[in-house]
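All remarks here apply to the structure that follows.
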Amino acid sequence: MVIGGGVAGLSAAAALSAHARVMESAAAALSAHARVMVLEAEDQPGFHSSGRSAALLHYALGNPPVRRLTQASRQFFEQPPEGFGALSSRLPILTPARADEFAGLDALAADLVPFTDIERLDADGLKRECPVLKIGPGAAERGFIDRTAIKLDGHALLQGFGHVLRANGGAVAGNARVASIVRVGGSWRVESERGEAFEAPLLINAGGAWADNVARLAGAQAVGLQPKRRTIIVFDAPDGIDVRALPFTKSVPDEVYFGPEADRIFASPMDEIPTDPCDAQPEEYEMALAAHRIEERTIMQVHRIEHRWAGLRTFTSDRLPVVGFAPDADGFFWLAGQGGAGLQTAPAVASIVESLIAGSDWRVPGVSPGELSPARLVGQGA
Ligand SMILES: Cc1cc2nc3c(=O)[nH]c(=O)nc-3n(C[C@H](O)[C@H](O)[C@H](O)COP(=O)(O)OP(=O)(O)OC[C@H]3O[C@@H](n4cnc5c(N)ncnc54)[C@H](O)[C@@H]3O)c2cc1C
């Protein structure tokens, strides 16, 4: 039984559905006879973070283990398995730097070398790749581009996991906000707010921003997850700009990114505002900050914000996901804390879930179970 129908819960449920079987105990009637059951509070999977992502795969964020998880996920997106439509298209990522950011640019380039090929650019190269950038003294003068970055289709990804899950005898229950979790004998008994009951021996906590709350419901210790809000605005590009030819462009410090969104531009001030778990909404300040930083670094003016949204990126204290069995609750498995990389790492993380639960081969070189284990964090969320 998986709590949470975002990319984490659905990918894990799909991976496990090939291994699971229907419970044969008398109480199995409670579990709707699914081999794997995903319980989602909202009526639609992906309503929270997974549906609000910028949906990129690149290596310019995160730390080395997150980059390894990303690298191990890449093939899944480029050559999706049966049950999935096309999941990716190439979208180069450009990193421009002002003179005061050259040291940061070089440090980031060094971090990326083990993972991808980058091409160094001078001012002319920057202008050629991204004609909307301000170029010259006081503005961007150097940079690099990674032509291997990809834009993901988050919707197709969630649909594909749902399809595989159902094909293997699993199911997703929407409008099933879990309100109580009790261990009875060797099973978890879960009741939704609407009074539906479910039962399974193994419970996966993929509750995203709410995962600490889910753990507390089950009597397990929290791990100190911190949801942080991130804001996106969408606006019209200036006339004469071929928007679809623009790269995804990110400043060296986490100040601003922008890229093509159909025929418009999407941009974020890369905000990380700590919040309680909630249906995150964009705030005026961060929208204005996005517009200000766009106008500071590019020739674009944000005359009107056509569209906006915000979502939560949920972090552990070391900014690595938490994946593994809880040390303090039998049959309780953590799958949370994916931060800003939950889409691009989902296939590798789901394979880790499969490995830890069903004993399949470990397919992520350079990442160890201990690095992701909840044992490193339990008690941090008192
Ligand atoms: C603006 C933005 C940009 C991003 N850009 C990228 C990017 O470019 N690349 C990338 O890889 N990642 C990106 N991310 C991060 C990515 O979206 C997340 O890491 C990922 O979606 C987390 O997935 P999740 O399944 O853990 O969370 P969610 O999608 O939030 O799913 C958790 C689910 O659990 C459910 N739930 C909670 N409590 C209960 C309960 N008691 N009962 C039942 N259900 C419950 C919730 O309703 C929710 O649907 C971005 C995120 C944001 C906000």
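Mind listing the phi-derived Karplus ³J(HN,Hα) values for the range 81-97, rounded to whole Hz, using 6.51, -1.76 and 1.60 with θ = phi - 60°, and x for any glycine or proline?
Once θ is set to phi - 60°, the couplings for the range 81-97 become x, 4, x, 10, x, 5, 10, 8, 9, 5, 9, x, 10, 10, 10, x, 9 Hz.
I need the calculated FRET efficiency for the pair S360 and S317, taking r as the beta carbon distance and R₀ as 41 Å, to the nearest 0.05.
0.90
Return P(r) of the range 208-367 (all Cα-Cα pairs; 5 Å bins starting at 0; whole %; ordered from short to long distances).
2, 8, 15, 16, 15, 13, 10, 9, 7, 4, 2, 0, 0
Using a 1.4 Å probe on the protein chains only, how many percent of the accessible area of the chain belongs to carbon and sulfur?
49 percent
For the range 127-256, report the convex hull volume of the alpha-carbon atoms normalised per residue, in Å³, without decimals.
201 Å³
Which value in nm describes the separation of the simple spin-label points at D242 and A99, placed 7 Å from the Cα toward the beta carbon?
3.3 nm
Determine which residues of the range 112-150 fall in the zone a paramagnetic label at E296 would reach in this model, i.e. backbone nitrogen under 20 Å from the point 7 Å along Cα→Cβ.
Output list for this probe position: 132-144.
Once you have the alpha carbon radius of gyration of the range 204-273, what is it after dividing by 2.2 N^0.38 Å, with N set to its residue count?
1.65
Relative to the longest principal axis of the C-alpha atoms of the chain, give the angle of the C-alpha long axis of helix 154-167, reported between 0 and 90° and rounded to the nearest 10°.
The angle comes out at about 20 degrees.
Using the Kirkwood formula over every pair of different C-alpha atoms, what hydrodynamic radius in Å results for the range 62-166?
15.7 Å
Expressed in nm², what is the orientationally averaged projection area of the convex hull enclosing the Cα positions of the chain?
The directionally averaged projection comes out at 18.3 nm².
Could you tell me what fraction of 2.2 N^0.38 Å the Cα radius of gyration of the range 125-172 comes to, as a two-decimal ratio?
Dividing the Cα Rg of the range 125-172 by 2.2 N^0.38 Å gives 2.15.
Suppose only helical runs count, i.e. DSSP H with n ≥ 4. What mean residue ellipticity at 222 nm does that imply for the chain under -39500 (n - 2.57) per run, divided by all residues and rounded to the nearest 500 deg cm²/dmol?
Helices in the chain give a 222 nm mean residue ellipticity of -7500 deg cm²/dmol.
Semi-axes, largest first, in whole Å: what does sqrt of 5 times each Cα gyration tensor eigenvalue give for the range 31-78?
After scaling each eigenvalue by five and taking roots: 29, 16, 10 Å.
Going from most exposed to least, what order do R67, R147, R244, R120 have by accessible area with a 1.4 Å probe?
Heavy-atom accessible area, descending, gives R244, R120, R147, R67.
So what's the angle, to the nearest 10 degrees on a 0 to 90 scale, between helix 7-17 and the longest Cα principal axis of the chain?
50 degrees
Ordering R319, R230 by accessible area with a probe of 1.4 Å, largest first, what comes out?
Descending order: R319, R230.
If I stretch the segment between R177 and I305 completely, what's the gain in nm (0.36 nm per residue apart, minus their alpha carbon distance), one decimal?
Result: 42.7 nm gained on full extension.
Mind running the shape call on the range 90-143? Use the C-alpha gyration tensor, a ≥ b ≥ c as the square roots of the eigenvalues: rounded below 1.5 for a/c, prolate if a/b tops b/c, oblate otherwise.
It is oblate, given that a/c is not under 1.5 and a/b is not larger than b/c.
Determine the per residue accessible area of the range 287-382 with all protein chains present and a 1.4 angstrom probe, expressed in square angstrom.
39 Å²
Pop out the Kirkwood hydrodynamic radius of the range 238-298 from its pairwise C-alpha distances, inverse of mean 1/r, in Å to one decimal.
When all Cα pairs of the range 238-298 are included, the Kirkwood radius is 12.9 Å.
Tell me the accessible surface of Y285 in square angstrom (1.4 angstrom probe, heavy atoms of protein chains only), to the nearest ten.
Only protein atoms counted, so the area is about 150 Å².
How large is the Kirkwood hydrodynamic radius of the range 159-235, in angstrom, based on all distinct alpha carbon pairs?
Its Kirkwood hydrodynamic radius stands at 14.7 Å.
The values are calculated or read from the model by the stated rules, or taken from the named source; none is laboratory data. Since we're looking at a predicted model, the values are computed, not measured. Positions of Cβ are backbone-derived with ideal geometry, glycine not excepted, and every protein chain shown enters the neighbour counts. The accessibility values were calculated without ligands, DNA or RNA, using every heavy atom of the protein model including side chains. Shrake-Rupley method; radii C 1.70, N 1.55, O 1.52, S 1.80 Å.
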